[in-house]
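Peer 1: So that we are looking at the same thing, I have put the structure below in structure tokens.
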Amino acid sequence: MDLKDFRQNYDLDKLKKKHLDPNPINQFKNWMKDAVNAECLEPNAMVLATLNKDMVPTSRVVLLKEVLDGEFVFYTNYESDKARDISVNNKVSLVFNWLKVHKQIRVEGIASKVSKEVSEAYFQSRPIESQIGAYASPQSKVIENRKVLKQNLRDTISRFEGLDKLPLPDNWGGYTINPFMIEFWQGRESRLHDRFRYTKQGNDWKLDRLAP
């Protein structure tokens, strides 16, 4: 296997400025529909990048759960590495990569916690197995082995036996990402891709084409 020989020609679509919605959130929703209709695997999966207290960047894949009032919403353990990073520096970036449709979206924005009421409503809408898992896993902490998780799982099931909805954990909830930059990338032939960047200016968005 020689990675230098890997080549992919992008020729499914093109992107023109006149076809873009003036509001990037509407454009995002249009492309999300395209990804869903194309049956992209987990189209709401996004790479979340943060900076820790030592200014070391960290990336991981999380799931977008909602676009609410122009902001991107995801949920996590508030004691996780990503949450600790956000408490130090709340500027983050997101990447949606849909290779099946030759599309990618980059987002830069400010992360803020959602209200406890919003977190609780979403938490209790999850499958009961996922609710139990949130209690059982001390996310991002070092554990000796998988037996620790299994014991935590048994303890949690015993603790909440008979309940079909669990109370919201104190250390669990959502974040919104309020974007100040959103870039849309459409793969094109010969690596001459179409790239358009929306930049927030007050209450408006400035739209520019970028060289690939």
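Just so you know, all these numbers are worked out from the coordinates, no wet-lab data involved. Everything numeric in this text was worked out from a predicted model, so none of it was measured. When we count neighbours, we look across all protein chains shown, and the Cβ atoms used for this are built from the backbone with ideal geometry, even at glycine.
Peer 1: Given points 7 Å out from each Cα along the Cα-Cβ axis, report the Lys150 to Lys16 separation in nanometres with one decimal.
Peer 2: If labels sit at Lys150 and Lys16, their model points lie 6.1 nm apart.
Peer 1: Using a cut-off of 13 Å between beta-carbons, work out the net charge of the residues near Val148 (Lys and Arg +1, Asp and Glu -1, Val148 not included).
Peer 2: +3
Peer 1: Could you please report the charge total around Lys17, scoring K, R as +1 and D, E as -1 over all other residues with beta-carbon less than 14 angstrom from its beta-carbon?
Peer 2: Counting the neighbours of Lys17, the net charge comes to +3.
Peer 1: Also, quick follow-up: Please give the net charge around Phe96, taking every other residue with its beta carbon less than 10 angstrom from that of Phe96, where Lys and Arg add +1 and Asp and Glu add -1.
Peer 2: Once all neighbours under 10 Å are counted, the net charge is +2.
Peer 1: Provide, in order from the shortest bin, the percent of all Cα-Cα pairs of the range 125-167 in each 10 Å bin, continuing until the bin that contains the maximum pair distance.
Peer 2: Binned Cα distances yield the sequence 28, 53, 18, 0.
Peer 1: Would you look at the GNM of the chain, springs on alpha carbons closer than 10 Å, and say which of Ala45, Ala111, Ala121 moves the most?
Peer 2: Ala121
Peer 1: Another question about this same structure. For all pairs of alpha-carbon atoms in the chain, what percent lies in each bin of width 10 Å, listed from the first bin to the last filled one?
Peer 2: Once binned at 10 Å, the Cα pair distances of the chain give 7, 28, 31, 21, 10, 2.
Peer 1: Here's another thing I want to ask about it. If you average the sequence gap of Cα pairs under 8 Å that are 6 or more apart and divide by the length of the chain, what percent do you get for the contact order?
Peer 2: 25 percent
Peer 1: Rank the residues Met1, Met181, Met32, Met55 as a footprinting-exposure proxy: fewest other Cβ atoms within 10 Å of their Cβ go first.
Peer 2: In increasing order of surrounding Cβ atoms, one gets Met1, Met55, Met181, Met32.
Peer 1: Still on this model: Among the listed pairs Lys91/Lys206; Lys33/Lys147; Lys113/Lys141; Lys29/Lys82; Lys33/Lys82, which are separated by more than 31 Å between their Cα atoms?
Peer 2: Lys33/Lys147
Peer 1: In addition: Could you give the distance between the Cα centres of the range 80-127 and the range 1-38, to the whole Å?
Peer 2: Answer, in whole Å: 21.
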